[in-house]
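Engineer: Quick one: structure below, then a few questions.
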Amino acid sequence: MDITWYIVLSAFIFAIGVAGVLTRRNPLVILLCLELMLNAGNLALIGFSRMWGNGDGQVFALIVMVVAACEVTIGLGLIVALYRRRIPIDVDEVSELRG
Amino acid sequence: MSATTAAWLVLALPLAGTLIISLLWRFLPGRTAGWIGTAAIFGSFVFGVLALLDLQDHPEEERHLTSSLFSYVETAGVKADMGILVDPLSIFMVLVVTGVSSLIHLYSVAYMDSDAGYRRYFAYLNFFVFSMLVLVLGGNFVLLIVGWAFVGFASYALISYWYRRTTATRAGMKAFVINVVGDVALVLAAFLLFKDTGLLDFAGVFEEAHNVYTPNDGTLIAACLLLLIAACAKSAQIPLHTWLADAMEGPTPVSALIHAATMVTAGVYLIARMHPLFEFAPTAADIAAIVGLATLIMAATIALVVTDLKRIIAYSTISQIGYMIVGVSTFAHVAGLFHLMTHAFFKALLFMGAGSVISAMGVGGDASIDRMGGFRKAMPFTFITFLIGALALAAFPFTSGFFSKDAILAFNWERGGGYRIITILGFVAAVMTAMYAFRMVFRVFFGDPVPEARELEEGHVHHAEPHNPGTGEPEDTDVGYPGPDHAIAERTWPMKAAMSVLAVLSLIGGIALVPGVTKTLEHFLHPSFEESEFAEMVPSASTEWTFGAVGGVASLVGIALAYMIWMRRRGTTARLIDRFPAAHRFLANKWYWDELYDYGVVKPTAAFGNFGRTVIESRFVQDTIIGGAVGVVRVGTSFARSVQSGYLRAYALLLLIGMFGLALYFLIVSS
């Protein structure tokens with residue numbers, strides 16, 4: 001199978017993730033969309049790895065997964081902290097750092 | 001013990017007293033602080049006497065001892081030791097200062113008894129004596145300036161002692177500001193002399209001055225006039241005399257100590273100490289004599305009309321210091337210093353008596369003599385001592401003031417020429433002196449007893465509502481204001497003891513220099529003035545007695561006039577005021593000096609300060625410089641601020657745009 005399909009699929013998933021991050025206000029959904037973007041990147045890496053026939057891309061993909069797991073942990077932790085402080089679960093509400 | 005060691009101990013004791021009282025005040029119950037302070041000053045007096053005895057053992061030409069603890073300042077070309085000069089003049093001043101001070105401390109032990117700030121008071125008082133001793137013992141200009149400034153501060157602290165009284169704090173500031181004018185003049189004089197002689201110690205400067213200056217040299221006259229300004233500020237002479245009357249806001253013993261007996265004589269000491277310079281610049285000395293003469297007449301006229309008891313004595317002080325300044329600046333050194341000593345005795349005594357009377361009028365009592373009268377029966381002891389003080393002030397024959405005042409005036413007649421004018425005007429002022437001295441006696445102690453006096457005759461001291469007689473505002477009695485008990489001399493032995501000693505000294509103090517009989521003081525002070533060309537110019541005993549007779553007549557005429565005006569025909573003053581309203585207004589407003597300074601100095605300065613505050617500070621500094629800088633930064637950063645919207649999505653979008661931009665750039669570059 002041609003590499004093109006992998007890349008196109010990856011690009012679609014990434015675009016969906018971007019759209020979600022930019023439009024949604026619920027931090028939980030934003031985290032999900034971030035995951036989508038990361039996994040789109042992973043798909044592209046695996047695809048290239050297959051194209052070249054070596055394991056370098058797969059190593060990168062594994063590292064990205066570890067990073068994603070950390071990021072989800074922190075992200076969910078932030079959401080719990082917001083909830084505990086009775087702040088609405090809405091990223092537009094936490095905008096105190098504006099200039 | 002050598003004289004210098006004793007002199008160092010004279011300095012050390014009051015300093016130790018100050019430190020002990022101010023550091024350990026929490027652990028000093030009751031009157032302990034007062035007794036520590038009194039003991040320190042009395043010890044100082046004892047060491048002063050020891051220094052005197054040792055000094056008299058030296059041959060006459062070796063009575064200029066110097067001693068240095070360490071080198072105070074030493075850089076290229078400048079050398080000043082932490083050194084003292086012990087000679088008859090400084091020992092004389094030490095004895096007058098510590099002697100009168102220890103009596104005033106003793107008086108204060110009882111007088112300030114119920115004051116909430118008792119310990120603070122004695123810490124200040126000891127510090128004042130220490131400063132004064134530094135001033136008179138200092139052997140070079142640096143220490144003189146240090147003592148001079150310390151004394152100014154101590155006076156400020158003591159005038160503003162009842163610091164919740166606005167009138168007191170204002171009076172303190174006024175005294176301090178005017179004293180600083182004198183400090184600056186003294187520093188400039190020292191600079192001027194140092195520039196030409198390159199030396200700072202007195203003996204060196206005096207010797208070198210004869211080499212570098214010609215007689216009546218312009219620079220030397222300038223330096224002497226600066227010294228005169230310094231003396232005028234400390235000794236309340238025209239035109240810097242206005243602070244002394246307001247300084248009466250302080251506690252009465254402070255007035256006795258600082259504003260009568262010791263601090264205000266610093267200017268006299270300064271001129272006496274600098275006499276080699278003044279004799280080398282006679283023009284400056286003549287100007288000083290004119291200033292003294294003008295002051296002594298002006299202050300005597302004011303003392304005739306003011307009604308505040310303490311202010312009458314204050315103006316009398318200004319006037320008497322005028323005599324001393326005239327004395328030392330016409331080079332009647334011994335006579336001038338003699339008057340300094342006798343004046344310290346009788347003026348301190350008068351203030352103590354006034355304090356006792358004011359106490360009897362009640363707390364914060366009205367010191368206006370219009371409300372006093374008939375205290376003679378109620379306060380016999382105060383009456384007798386006050387009368388003795390008034391007799392000495394009026395130069396009644398054979399009291400101490402009689403010998404000292406007439407010595408100055410006889411000397412000036414002997415110098416001849418224009419100096420005889422001083423003698424004539426001096427006797428005119430002597431008549432006025434006797435008049436205002438007995439105006440106080442007749443108004444306060446004679447006549448019908450006022451209610452306060454009747455109350456006291458029945459054995460009860462009047463208690464008035466604590467209020468400020470100046471402004472009528474209620475007093476804050478929690479922070480150092482005479483408490484519920486007020487001490488009158490009849491009921492407290494420390495006050496009685498101090499006043500008795502001073503009364504005796506006021507009566508017989510003249511024996512130090514009776515014309516033709518004793519010359520104790522002249523012999524003692526001679527080594528300090530031996531190189532003076534006027535040292536040998538002593539009027540003959542017969543001349544002195546002639547002028548003594550004139551002075552006695554002047555005194556008796558003054559007392560008789562006072563008796564006529566204020567006793568015999570009590571309405572006379574009212575008639576005089578009706579006849580000469582303008583003259584009375586002029587005198588009652590103290591020759592409008594305060595108004596002159598108000599419009600000439602205070603108001604313009606305040607207007608300038610206000611201009612600086614509203615225009616320079618608020619418009620220029622705040623609005624233009626600071627506001628402008630803020631505006632520039634604000635405009636310059638407005639784009640950066642608008643980007644920081646605080647919305648997560650906006651940041652994410654910017655991130656993406658940046659990333660796509662970079663990706664696009666690399667695609668274009670690589671293709």
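Read-outs: derived from the displayed coordinates by stated rules, not from any lab. As the structure is a prediction and not an experimental result, all values here were calculated from the model. Cβ coordinates were reconstructed from backbone atoms using ideal geometry, including for glycine residues, and neighbour counts include every protein chain displayed.
Engineer: How much FRET efficiency would the formula 1/(1 + (r/R0)^6) give for B:Glu533 and B:Gln622, where r is the Cβ-Cβ distance and R0 is 51 Å, rounded to 0.05?
Structural biologist: 0.20
Engineer: Here's something else I'd like to know. What is the Cα centroid distance between the range B:136-207 and the range B:430-462, reported in whole angstrom?
Structural biologist: One Cα centre to the other: 38 Å.
Engineer: Starting from the Cα of B:Lys79, draw a straight line to each of the aspartates and glutamates and keep only those under 17 Å, dropping any in the same chain fewer than 8 residues away.
Structural biologist: Cross-link targets: B:Asp196, B:Asp201, B:Glu207, B:Glu208.
Engineer: Now for a separate question. Filter B:Lys377/B:Lys590; B:Lys195/B:Lys405; B:Lys310/B:Lys377; B:Lys195/B:Lys603 down to the pairs with a C-alpha to C-alpha distance above 27 Å, please.
Structural biologist: B:Lys377/B:Lys590; B:Lys195/B:Lys405; B:Lys195/B:Lys603
Engineer: Follow-up question, since we're still on this one. Choose one answer from A:Gly75, A:Gly55, A:Gly41: the residue with the largest mean-square fluctuation in a GNM of chain A with alpha-carbon springs under 10 Å.
Structural biologist: Its mean-square fluctuation being the largest, the pick is A:Gly55.
Engineer: For the protein assembly as shown, what Kirkwood radius comes out of the mean inverse Cα-Cα distance, in Å?
Structural biologist: Computed over Cα pairs of the protein assembly as shown, the Kirkwood hydrodynamic radius comes out at 31.0 Å.
Engineer: Residue by residue through A:16-27, how many Cβ atoms from other chains fall within 10 Å of the Cβ on average?
Structural biologist: 2
Engineer: Run the numbers for B:Phe153 and B:Arg26: contour at 0.36 nm per residue of separation, minus the present Cα-Cα distance, in nm.
Structural biologist: My answer for the length gained is 43.3 nm.
Engineer: Around B:Lys174, with a cut-off of 13 angstrom between Cβ atoms, what is the net charge of the other residues, counting Lys and Arg +1 and Asp and Glu -1?
Structural biologist: With Lys, Arg at +1 and Asp, Glu at -1, the net is -3.
Engineer: Sort out for me the Cα centre separation of the range B:293-323 from the range B:238-267, rounded to whole Å.
Structural biologist: 12 Å
Engineer: Could you tell me the calculated FRET efficiency between B:Ala607 and B:Leu188, based on Cβ-Cβ distance and R0 = 30 angstrom, to the nearest 0.05?
Structural biologist: Efficiency for this residue pair is about 0.65.
Engineer: Right, another one. Kirkwood Rh and Cα-based Rg: tell me the resulting Rg over Rh for the range B:222-322, rounded to two decimals.
Structural biologist: Value, to two decimals: 1.00.
Engineer: Taking each residue in A:87-95, count the Cβ atoms of any other chain within 10 Å of its Cβ, then average. What number comes out?
Structural biologist: Across the residues of A:87-95, the mean count of other-chain Cβ atoms within 10 Å is 2.
Engineer: Work out, step by step, the length gained on full extension between B:Glu458 and B:Thr167: first 0.36 nm times the residue separation, then minus their alpha carbon distance; give nm to one decimal.
Structural biologist: Gain on extension, B:Glu458 to B:Thr167, equals 101.4 nm.
Engineer: So, one more: Could you tell me the largest-minus-smallest coordinate of the C-alpha atoms of the range B:3-588 on each of the three principal axes, in descending order and whole angstroms?
Structural biologist: Ordered largest first, the range B:3-588 gives principal extents of 69, 58, 42 Å.
Engineer: I'd like the distance between the alpha-carbon centres of the range A:35-99 and the range B:40-80, rounded to an integer number of Å.
Structural biologist: 89 Å
Engineer: Name the longest site-free stretch of chain B, where the excluded sites are GluC sites (Glu not before Pro) in a DSSP loop with no more than 15 other beta-carbon atoms within 10 Å.
Structural biologist: Between the exposed loop sites, the longest stretch runs B:1-457.
Engineer: Under the rule of -39500 (n - 2.57) per DSSP H run of 4 or more residues, summed and divided by the residues of chain B, what mean residue ellipticity at 222 nm is obtained, to the nearest 500 deg cm²/dmol?
Structural biologist: -22000 deg cm²/dmol
Engineer: Please compute, over every Cα-Cα pair in chain A, the percentage with a separation greater than 18 angstrom.
Structural biologist: For chain A, the share of Cα pairs beyond 18 Å comes to 57 percent.
Engineer: Taking the 0 to 90 degree range and rounding to the nearest ten, how far is the long axis of helix A:27-52 tilted relative to the main principal axis of chain A, both from C-alpha atoms?
Structural biologist: Helix A:27-52 and the main axis of chain A meet at about 10 degrees.
Engineer: Continuing with this model, one more query. So how much slack lies between B:Thr219 and B:Val557, counting 0.36 nm per residue of separation and subtracting their Cα-Cα distance, in nm?
Structural biologist: Residue separation times 0.36 nm, minus the Cα-Cα distance, leaves 117.1 nm.
Engineer: Hey, rough spin-label estimate for B:Leu654 and A:Gln58, points 7 angstrom out along Cα→Cβ, what's it come to in nanometres?
Structural biologist: 4.1 nm
Engineer: Using label points projected 7 Å from each Cα along Cα→Cβ, tell me how many nm separate B:Thr75 and B:Glu60, to one decimal.
Structural biologist: With each label point 7 Å from Cα toward Cβ, the separation is 4.4 nm.
Engineer: Does anything in the range B:639-655 have its amide N under 17 Å from the 7 Å Cα→Cβ label point of A:Ile87, and if so which residues?
Structural biologist: Answer for the range B:639-655: B:645-652.
Engineer: Averaged across B:642-648, how many Cβ atoms of other chains sit within 10 Å of each residue's Cβ atom?
Structural biologist: 5
Engineer: Roughly how tilted is helix B:400-415, in degrees to the nearest 10 and between 0 and 90, from the longest Cα axis of chain B?
Structural biologist: Its long axis makes an angle of about 90 degrees.
Engineer: If exposed means no more than 12 neighbouring beta carbons inside 10 Å and the site is in a DSSP loop, what's the longest run of chain A without any exposed trypsin sites (Lys or Arg not before Pro)?
Structural biologist: A:1-84
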